[in-house]
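Okay, so here's the structure we're looking at.
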Amino acid sequence: MTQQSTQKRIENKLIGLEGVIVNFRIGNKSPRFRQVILRFDNLPPGVKPDNLIGHVVEIQWKKKRFRGRIYKKHGKKAVRAIFNKGLPGQVLLGNTKVVVIK
């Protein structure tokens with residue numbers, strides 16, 4: 001099996017994958033509201049958080065949608081995503097959906 005076909009199979013498994021927001025990325029002085037730490041607990045077998053880098057995620061909160069991009073791994077099981085606009089603090093309360101769309 002070639003490298004490209006393996007990559008395509010992984011890509012197809014990741015679309016529609018749901019995750020949760022762990023927290024904003026926090027520095028020494030203040031949180032960065034555009035950067036969020038995400039965790040995907042129900043990863044398919046054979047898929048690591050490294051495979052999520054570069055994918056587009058969407059957070060749905062109330063009637064608003066925020067799109068961002070996963071850009072880096074964070075620890076063993078989490079990833080970091082950056083968004084065009086800052087997210088409201090209420091997204092941390094747990095009633096939000098994080099979905100991989102591309």
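Structure notes:
- Note on region 42-67: among residues that are surrounded by fewer than 11 Cβ atoms within 10 Å (Cβ to Cβ) and closer than 22 Å to residue 12 by Cβ, the one that is modelled with the lowest pLDDT is 46.
- Considering region 73-100, the residues that are polar (S, T, N, Q) and in a loop (DSSP other than H, G, I, E, B) include one that is farthest from the chain's Cα centre (by Cα), namely 95.
- Of all residues making up region 1-41, the number that are under 15 Å from the mean Cα position of the chain (by Cα) and either at pLDDT below 85 or in a helix (DSSP H, G or I) (or both): 5
- Test result for residue 53, within 10 Å of the chain's Cα centre (by Cα), touching a residue at least 12 places away in the same chain (Cβ under 8 Å) and under 11 Å from residue 38 (Cα atoms): no
- Here residue 70 meets each of (1) of a type in the set (A, V, I, L, M); (2) over 19 Å from residue 12 (Cα atoms); (3) assigned to a strand (DSSP E or B) with one exception, condition (2).
- Index of the failed condition, residue 31 passing every other in (1) in contact with a Leu (Cβ under 7 Å, 6 or more places away or on another chain); (2) surrounded by fewer than 17 Cβ atoms within 10 Å (Cβ to Cβ): (1)
The values are calculated or read from the model by the stated rules, or taken from the named source; none is laboratory data. Note that the coordinates shown come from a computational prediction; the quantities given were computed from them, not determined experimentally. A quick note on method: Cβ atoms are made from the backbone with ideal geometry, for glycine too, and the neighbour counts reach across all protein chains shown.
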